[in-house]
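The structure appears below as structure tokens.
The values are calculated or read from the model by the stated rules, or taken from the named source; none is laboratory data. Computed from a predicted model, the values in this text were never measured in an experiment. Quick reminder, even Gly has a Cβ in these numbers, built from the backbone with ideal geometry, and neighbours come from all protein chains shown. The accessibility values were calculated without ligands, DNA or RNA, using every heavy atom of the protein model including side chains. Shrake-Rupley method; radii C 1.70, N 1.55, O 1.52, S 1.80 Å.
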Amino acid sequence: MFHIRRVLPVLLAVCMLAGCGNSESSSQTGTVTQSTSESVSVPEDSSQSSSESVSESRDEKPSEKSDSKEESSEAETSSQNDESHVSDTDSKDSSKPEDASSAGSAKADSSSLVPSVRNDESSSLVPSVRDKDSSSKADSSSKTDSGNTADRTKPVTQNDIPVITITTKSTASNAIKFYTDTVAKHVSQQQAMWNRNYKMPPEPYYEDCTVSVADKGGKILINNADAQVKVRGNWTTSYPKKSLRIKFDKKQSMLGLNGGQKYKNWVLLAEYKDASMLRDKTALAAAREILAADGLYAADAEFIELWINGKFYGMYLLTELQQVNEGRVEITEPDENYKGTDIGYFLEFDGYYTSEDVLHRFYIDYNGNAPLIPYDGADGGGKTINCQGGNRKKVGFTIKSDIYDTKQRDFISNFVKNTYIIMYEAAYNDKAFVFNSDYSGISETTSITPREAVERVVDIDSLADMYVISELTCDADIYWSSFFMSVDFGKNGSKKLRFEAPWDFDSGLGNKNRCVDGTGFYAGSIVPDANGNEYKTCNPWLTVLMFEDWYQDVIREKWTRAYDNGVFDRAAAQITSCTDELADAFDRNYDKWNNIINNSAFRSELSSKAAKCKTQEQAAEYLSEWFASRVKFMNESWHK
């Protein structure tokens, strides 16, 4: 039997380059000496999707324009932003979270070990929790996925993982309901359709809180900073362990992420469906290196343990918000109420686009839904695929950045529509089309080659990078959401469609029934809908150029550079190092939630191999094996 803790000695040698829990912080203000420790698939119903599907609603703008880029958008995707996914009627009912007054309550004799949540003394900022060997564990069969086992605590000398402590400013006993009770509106509407006795819960809302952060060594980095916190996500909001968005009143650096840059907005991912809890972190680590080589952005991430109002809520992945900002997606931002089109636009290819207000959404028909040839590593096998039409759900665009006028929306919609036509005509008809001077239309030309026509309007390096990342990870929602692009028409903008900010991998890397043995072409090929049984489709942006020889050469260059530079070795080593270094923290998380065993809310989504995993170590072992197989397949296909 392969054991992940006894293998990959060579890869472990490079773990320091991609390790877990080792982020540096630029500000340290104190110390502490304690430690924290589907059977029914849901169809997409765009008409019922809320604006929480991928972004925060547009009425959440800051009072000061200087901070507007902090409020522009939130990628509310899959685990984060799944197209579907809830379970049978019983599990739908059980997924309604219980009040934290009963969930995860600590034993009376350990009450002195949780923080004094109503004072500012640094000595009480970070709760201490038991390590896994300090007391006997409850039988897993007695625990539920609602996380209602008691938290056993034991003081230790230092944290083995960074700790975030959230304290509601309200002292009311029901203050925690912002976490326990809220569910995205379109999800609760679906559940109400299936269960006439279902009681509609409140939508996610911001709760006024203070947030404190301590690093792995116990040093206090942020001390009771004012913030607002809310549940984020789509179908995952119906799970008991929920992802969160933190919106600080003042910009904060978080555990040295993204070079220690300060931002107001940060995200905590629950990783509830991924038993290894490592898929997002692994994919983002590789993506950051691949994209950084071309000056592009992918979110940074670090594991933490979370406490809310003195109660332990398990292990989370702290990461960045997908938004326009310096060091994140960098494009020209308009002044408030500016109505010119010479600005930057941040977009998501998004099946939930109809949930946005009409100013911030649009749809294009992909050159009349012209057929595409799926990439299979050969000649396509005589197959074609349409990305829209038939019984396929429409996938449009949401505008994640600030705009103030329909002229701006119509301008970017027209640009995206015609850019796709330029790509299609070059690839399928060997014709070159160019924009006129004001970008209002396109016309055919013989003065440049079809390739040159594409390169005038598309950042080809970024598209090839995103193909490599998407092909590597095989995420089930690739055709549906969490696929971002931008274009900058500002004074210094490139006026090219640029692909970056990859997101949402908890349904990828073998967790769902996609490329389950790590082989096969996927990102530019035919893919099933998220439920796997309704229709076939594709991501048109990743498919349209796949049979262009010159574009394949660019992909080979990107893959070869990343492979030869050890990007995938470091990502693989991180799976091992995180599993070993954070073993106690993983145990504490699953003592709390037990969702590897009690996984009825999402069991039907899992691949057979993922479903067989009964511990985090087994899940990490499977992820490691899958990742090695995937890298081998891609290297045989794309290495120069």
For segment 224-244, does any single residue satisfy the condition of being of a type in the set (D, E, K, R), open to solvent by 10 Å² or more (accessible area, probe 1.4 Å) and touching a helix residue (DSSP H, G or I) at 6+ places or on another chain (Cβ under 9 Å)?
-> no
Taking segment 483-497 and the residues there that are among the small types (Gly, Ala, Ser) and open to solvent by 10 Å² or more (accessible area, probe 1.4 Å), the one that is farthest from residue 465 (Cα to Cα) would be 493
For residues that are open to solvent by 10 Å² or more (accessible area, probe 1.4 Å) and part of a loop (DSSP other than H, G, I, E, B), tally how many sit in segment 443-474.
-> 5
Does segment 586-596 contain any residue that is of a type outside the set (Asp, Glu), open to solvent by 10 Å² or more (accessible area, probe 1.4 Å) and part of a helix (DSSP H, G or I)?
-> yes
Return the residue satisfying two criteria in turn: it lies in segment 388-416 and is open to solvent by less than 50 Å² (accessible area, probe 1.4 Å) and small (Gly, Ala, Ser), and of such residues it is farthest from the chain's Cα centre (by Cα).
-> 389
Does any residue in segment 358-371 that is over 14 Å from residue 412 (Cα atoms) and of a type outside the set (Ser, Thr, Tyr) come within less than 6 Å, Cβ to Cβ, of a residue that is open to solvent by 40 Å² or more (accessible area, probe 1.4 Å) and in a loop (DSSP other than H, G, I, E, B) six or more places away or on a different chain, and which pairs are these?
-> 369/386; 371/384; 371/386
Checking 298, 275, 287 in turn, the sole residue that is in a helix (DSSP H, G or I) and buried (at least 24 other Cβ atoms within 10 Å of the Cβ) turns out to be 287
Look through 317, 244 and report the one residue that is more than 30 Å from residue 625 (Cα to Cα), hydrophobic (A, V, I, L, M, F, W, C) and assigned to a strand (DSSP E or B).
-> 244
In segment 379-398, which residues are out of contact with any Leu (no Cβ under 8 Å at 6 or more places or on another chain) and within 20 Å of residue 477 (Cβ to Cβ)?
-> 388, 389, 390, 391, 392, 393, 394, 395, 396
Counting only residues in segment 301-343 that are of a type in the set (S, T, N, Q) and closer than 24 Å to residue 258 by Cα, the one surrounded by the most Cβ atoms within 10 Å (Cβ to Cβ) is identified as 322
Give segment 367-381 a look and list any residue that's crowded, with 18+ Cβ neighbours inside 10 Å and closer than 24 Å to residue 515 by Cα, or say none.
-> 372, 373, 374, 375
Determine if segment 399-422 includes at least one residue that is at pLDDT below 95 and either in contact with a strand residue (DSSP E or B) (Cβ under 6 Å, 6 or more places away or on another chain) or β-branched (Val, Ile, Thr) (or both).
-> no
Does segment 249-272 hold any residues that are open to solvent by 10 Å² or more (accessible area, probe 1.4 Å) and either under 25 Å from residue 631 (Cα atoms) or out of contact with any strand residue (DSSP E or B) (no Cβ under 9 Å at 6 or more places or on another chain) (or both), and which are they?
-> 259, 260
Some residue of segment 417-427 being outside any loop (DSSP other than H, G, I, E, B), open to solvent by 10 Å² or more (accessible area, probe 1.4 Å) and in contact with a Lys or Arg (Cβ under 8 Å, 6 or more places away or on another chain) | yes
Restricting segment 515-531 to residues that are within 21 Å of the chain's Cα centre (by Cα) and open to solvent by 20 Å² or more (accessible area, probe 1.4 Å), the one modelled with the lowest pLDDT turns out to be 531
Assuming residue 195 fulfils every condition listed in (1) open to solvent by 40 Å² or more (accessible area, probe 1.4 Å); (2) over 17 Å from residue 265 (Cα atoms) apart from one, which condition is it?
-> (1)
Residue check, residue 552 against (1) assigned to a loop (DSSP other than H, G, I, E, B); (2) open to solvent by 10 Å² or more (accessible area, probe 1.4 Å), all met but one. Which one?
-> (1)
Per-region count, segment 328-378, residues assigned to a loop (DSSP other than H, G, I, E, B), of a type in the set (A, V, I, L, M, F, W, C) and either closer than 30 Å to residue 525 by Cα or touching a Leu at 6+ places or on another chain (Cβ under 7 Å) (or both) = 4
Among the residues of segment 355-366, count how many are open to solvent by less than 40 Å² (accessible area, probe 1.4 Å) and under 18 Å from residue 441 (Cβ atoms).
-> 3
